[in-house]
Amino acid sequence: MLTLFHAPGACSLASCIALEETGAEFEVTNVSFADGEQHKADYLQLNPKGRVPALVVEGRATESGILTETPAILYYLAQRFPDAKLAPLGNDFALAQMQSFNSFLCSTVHVAHAHRLRGARWANEQSSWDDMQAKVPENMSALFTLIEETYLDQPWVLGEQYSVSDTYLYTIARWLEGDGVDITAFPRVNAHFKRMEDRPAVQRALRH
């Protein structure tokens, strides 16, 4: 049994969708950010980073049985459940391209978004936070322009093959409205978003 610690609206949605796509048995434990549950002792014992996602593998709530960080969890699920065809496992270069895209979402796009709500991670002064927040629409627009022009000339991020990169992109695209960015300014991203919302696995994941 796999257990995903998840916060609705957070990046953990990508892992939740991927789990739904695998058809595997799993449980979801929601972590309430509004109540600060990610900072409470019980959760920190499980995941000292105080963030989601965290995936407990086979019920082993020990360091050896927990995965954190979205790209790592997505890669693990794609490898563990090859029949779901969530990654180009037989093509080393395509697999590296998938990892490159997921790393870009994690290290660059997610961080640009986080400047709207998590300014305290980088600065102490309110004026600095205000500057960060004001820059978010511009930065997110620039990053999604890059995604629009570079990655989505076919139905999915990796071309004809659906993959965990699509679950991740969809999850972050859901943040655009709150970041002050109109997704319809990016026709390919918007079409990808709609294709994702038609998938039963996405619809199930959104109910968690």
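Note on the chain: with a GNM built from Cα contacts shorter than 10 Å, the maximum mean-square fluctuation among Ser127, Ser163, Ser32 falls on Ser127.
Of all beta bridges that DSSP places with both ends in the chain, some 60 percent have antiparallel geometry.
In this structure the stretch 1-85 gives 49 Å² per residue of accessible area when probed at 1.4 Å with all protein chains present.
Which whole-number percent of Cα pairs in the chain have a distance greater than 22 Å?
Details: 10789 of 21528 pairs.
Result: 50 percent of Cα pairs exceed 22 Å.
Projecting the Cα positions of Thr70, Ile172, Gln38 onto the charge dipole of the chain (unit charges on Cβ atoms of Lys, Arg, Asp and Glu, taken about the Cα centre) puts Gln38 furthest along the positive direction. For the stretch 61-129, trypsin sites (Lys or Arg not before Pro) are listed when DSSP marks them as loop and at most 15 other Cβ atoms sit within 10 Å of their Cβ; the list is Lys85, Arg118. Sequence-ordered 3J(HN,Hα) estimates for the stretch 37-50 from the Karplus curve with 6.51, -1.76 and 1.60 and θ = phi - 60° stand at 5, 5, 9, 7, 4, 4, 6, 5, 5, 6, 9, x, 6, x Hz, glycine and proline given as x.
Annotation: amide H of Glu27 within the under-5 Å range of Leu2, Thr3, Leu4, sequence separation 5 or more or interchain, hydrogens built in the peptide plane. In order along the stretch 158-163, phi translates into HN-Hα couplings of 9, x, 7, 8, 5, 8 Hz, rounded to whole numbers, per the Karplus curve 6.51 cos²θ - 1.76 cosθ + 1.60 with θ = phi - 60° and x for Gly and Pro. If you take all other residues with their beta carbon under 14 Å from the beta carbon of Met196, and give Lys and Arg +1 and Asp and Glu -1, the sum is +1. Dipole check for the chain: with +1 at the C-beta of Lys and Arg, -1 at the C-beta of Asp and Glu, and the Cα centre as origin, the magnitude is about 200 Debye. Under 5 Å between amide hydrogens, built in the peptide plane, is the criterion, and for Ala54 it picks out Phe5 among residues at least 5 positions away or on other chains. Scanning the chain for GluC sites (Glu not before Pro) in DSSP loops with at most 11 neighbouring Cβ atoms within 10 Å leaves 59-124 as the longest stretch between them.
Considering only protein heavy atoms and a 1.4 Å probe, what is the carbon-and-sulfur percentage of the accessible area of the chain? Can you show the working numbers first?
Values: 5060 of 10380 Å².
Answer for the chain: carbon and sulfur cover 49 percent of the accessible area.
A straight Cα-to-Cα reach below 29 Å connects Lys194 with the lysines Lys85, Lys135, residues fewer than 8 places away in its own chain not being considered. For Glu149 and Lys85, a Förster radius of 30 Å and the Cβ-Cβ distance give a FRET efficiency of 0.65, rounded to the nearest 0.05.
The values are calculated or read from the model by the stated rules, or taken from the named source; none is laboratory data. Predicted, not measured: the structure shown is a model, and the values here were computed from it. All Cβ positions, even for glycine, are placed from backbone atoms using ideal geometry, and neighbour counts span all protein chains on display. What goes into the accessible areas is simple: the full protein's heavy atoms, side chains included, and nothing from ligands, DNA or RNA. Shrake-Rupley method; radii C 1.70, N 1.55, O 1.52, S 1.80 Å.
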